[in-house]
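Working notes, structure below.
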Amino acid sequence: QKEVEQNSGPLSVPEGAIASLNCTYSDRGSQSFFWYRQYSGKSPELIMSIYSNGDKEDGRFTAQLNKASQYVSLLIRDSQPSDSATYLCAVTLSGTYKYIFGTGTRLKVLA
Amino acid sequence: DTGVSQNPRHKITKRGQNVTFRCDPISEHNRLYWYRQTLGQGPEFLTYFQNEAQLEKSRLLSDRFSAERPKGSFSTLEIQRTEQGDSAMYLCASSFPVAGQETQYFGPGTRLLVL
């Protein structure tokens with residue numbers, strides 16, 4: 001089992017719709033969870049961090065964490081074509097300084 | 001520009017040559033990370049520095065890879081006797097934890113092609 005798993009996509013949504021991106025992780029001791037956006041040929045950019053169970057909202061983005069289910073998700077409301085990118089989920093590995101990234105989900109927002 | 005910078009941005013080398021990359025973190029950041037990313041994959045952790053101390057190194061990193069952060073500021077990553085499999089984007093990130101939480105800021109990366 002991979003440490004962090006994401007569906008590679010592509011996930012296609014129409015402009016204005018809600019995009020839902022999911023991530024599961026294997027380390028029950030993980031404490032920190034992150035969503036990064038990466039445009040083609042560019043470096044990752046942090047969108048959201050979440051550390052406790054529940055929802056965290058920032059503008060059009062909502063991160064949801066469920067530690068019991070080892071599941072973290074990202075919702076993007078009112079999706080825009082400029083949101084088209086690869087979204088990377090990252091998790092800190094307990095007892096280490098390591099950040100483990102998933103392979104990313106490619107999102108396409110259709111105008 | 002006060003972000004993380006990396007040099008060079010692109011490097012083409014022949015198999016067997018040594019290469020060195022430099023990362024300049026955001027000035028007040030005491031944590032520095034190196035990652036490697038290949039096409040279609042997420043960044044893969046290579047090593048971590050807190051100030052000048054290298055506190056963690058991936059087991060995936062062979063003896064051909066070495067990293068330093070001599071004065072706790074900039075860092076270098078050297079790859080000796082490069083192989084074609086080393087072709088990848090090498091990313092540096094820095095952070096400064098606040099109240100147990102940290103945000104990693106990534107540099108633009110160095111794209112390495114080994115011929």
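Evaluate the following for A:Tyr71: is it touching a residue at least 12 places away in the same chain (Cβ under 8 Å) and within 13 Å of another protein chain (Cβ to nearest Cβ)? For A:Tyr71, the condition - touching a residue at least 12 places away in the same chain (Cβ under 8 Å) and within 13 Å of another protein chain (Cβ to nearest Cβ) - is not met. Would you call A:Thr62 among the β-branched types (Val, Ile, Thr), away from every other protein chain (no Cβ under 14 Å), assigned to a strand (DSSP E or B) and touching a residue at least 12 places away in the same chain (Cβ under 8 Å)? So A:Thr62 passes the test.
Restricting attention to the range A:70-103, the residues that are surrounded by fewer than 23 Cβ atoms within 10 Å (Cβ to Cβ), of a type outside the set (Asp, Glu) and in a loop (DSSP other than H, G, I, E, B) add up to 12.
Across the range A:35-44, the number of residues qualifying as part of a strand (DSSP E or B) and at pLDDT below 95 comes to 0. Counting only strands (runs of 3 or more DSSP E) that sit completely within the range B:18-115, those holding 1 or more residues that are crowded, with 19+ Cβ neighbours inside 10 Å correspond to B:19-24, B:31-37, B:44-50, B:65-68, B:75-79, B:88-95, B:110-114.
Cβ-Cβ distances below 8 Å connect the following pairs, each with a first residue in the range A:42-56 that is under 15 Å from B:Phe106 (Cα atoms) and more than 10 Å from every other protein chain (Cβ to nearest Cβ), a second residue that is aliphatic (A, V, I, L, M) and surrounded by 15 or more Cβ atoms within 10 Å (Cβ to Cβ), and a separation of six or more residues or different chains: A:Ile47/A:Leu74; A:Met48/A:Ala63; A:Met48/A:Leu74.
Filtered by the rule that a residue be at positive phi and in contact (Cβ under 8 Å) with a residue 40 or more places away in the chain, the range B:34-87 gives B:Gly72, B:Arg81.
Looking at the range A:19-38 only, could you name the residues that are over 21 Å from B:Glu102 (Cβ atoms), touching an Asp or Glu at 6+ places or on another chain (Cβ under 8 Å) and not small (Gly, Ala, Ser)? Scanning the range A:19-38 gives a single hit, A:Thr24.
Of all residues in the range B:90-109, none are free of Cβ contacts under 8 Å to residues at least 40 places away in the same chain and away from chain A (no Cβ under 14 Å). Can you name the residue in the range A:87-103 that is modelled with pLDDT of 95 or more and in contact with a Pro (Cβ under 9 Å, 6 or more places away or on another chain) and is also nearest to the other protein chains (Cβ to nearest Cβ) among such residues? Selected residue: A:Phe101. Here A:Gly29 fulfils each of the conditions (1) away from chain B (no Cβ under 14 Å); (2) within 15 Å of the chain's Cα centre (by Cα) apart from (2).
The values are calculated or read from the model by the stated rules, or taken from the named source; none is laboratory data. The shown structure was predicted, so the numbers you read here are calculated from the model rather than taken from an experiment. Glycine gets a Cβ as well: all are built from the backbone with ideal geometry, and neighbour counts include every protein chain shown.
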